[in-house]
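Below is one structure, written out as C-alpha cells; the observations come after it.
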Ligand code: DQA
C-alpha cells in the first residue's frame, strides 16, 4: 500500500533559501528543506509532496489538488501568510490538519509579519526554529493523522 502523503508547500522567495538573507533564514537550501521533510516523513511511514511557487494562484491550485487526499499540510506561505485571503480560503477547504511554519521568529520582526491569515485554521504554528521547524511540523501532522 502507498504511504499517506503530507503536502509541504513553500511560498514566494523560499526558492532562494540559502542565498536570501542567510542571517535570518540560514544557509540551508529549499532542496535541503525538502529532503529533510522527506526523511522525517519516511521515518514515520509517510511520504511528502513538496511544492514551491512564487505565484498565489499556483499555490491555490496545489492546495486544491491535494485538499481531499493529503494526510495534512505543512505550509510556509512566506509573505502570502500576511496578505492572502485567497490562500486562506483554499486552506479552509482541506480535509487534513494544517501546521504553519516560519523559519524566522516573525513575532520578533516587523509588525506587518505578526498577523497571519492562516494561523487560526492551523492545528499548530511553529516559528523561529529555523528549518528544523519543518521536522517538527511533519512529525505533528503524522501524529494527528494517526489519531
Ligand atoms: C517567513 C516569514 C515571512 O514573513 C517572510 O515573508 C518569508 C519567510 C519565514 O519562514 O520566516 O518569506 O515565512
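A short reminder: the numbers here are calculations on the coordinates, not readings from a lab. All values derive from a computational prediction rather than experimental measurement. Quick reminder, even Gly has a Cβ in these numbers, built from the backbone with ideal geometry, and neighbours come from all protein chains shown.
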Q: Take every Cα pair under 8 Å in the chain that's 6+ residues apart, average their separations, divide by the length, and report that relative contact order as a whole percent.
A: 28
Q: Calculate for the chain the 222 nm mean residue ellipticity that helices alone would give, adding -39,500 (n - 2.57) per DSSP H run of length 4 or more and normalising by residue count, nearest 500 deg cm²/dmol.
A: -10500 deg cm²/dmol
Q. Given segment 55-136 reduced to its alpha-carbon atoms as identical point scatterers, what log10 I(q)/I(0) does the Debye formula return at q = 0.15 Å⁻¹?
A. -0.49
(Q) Can you compute the label reach from residue 144? Point 7 Å from Cα along the Cβ direction, backbone N cut-off under 11 Å, restricted to segment 107-121. (A) 119-121
Q: May I ask you to sort 33, 127, 118 by Cβ crowding, counting other Cβ atoms within 10 Å and putting the fewest first?
A: 127, 118, 33
Q) Sorted from largest down, what three extents in whole angstroms do the Cα atoms of the chain have along their principal axes? A) 44, 30, 25
Q: Rank these for me by crowding, 6, 24, 60, going from fewest to most other beta carbons within 10 Å.
A: 24, 60, 6
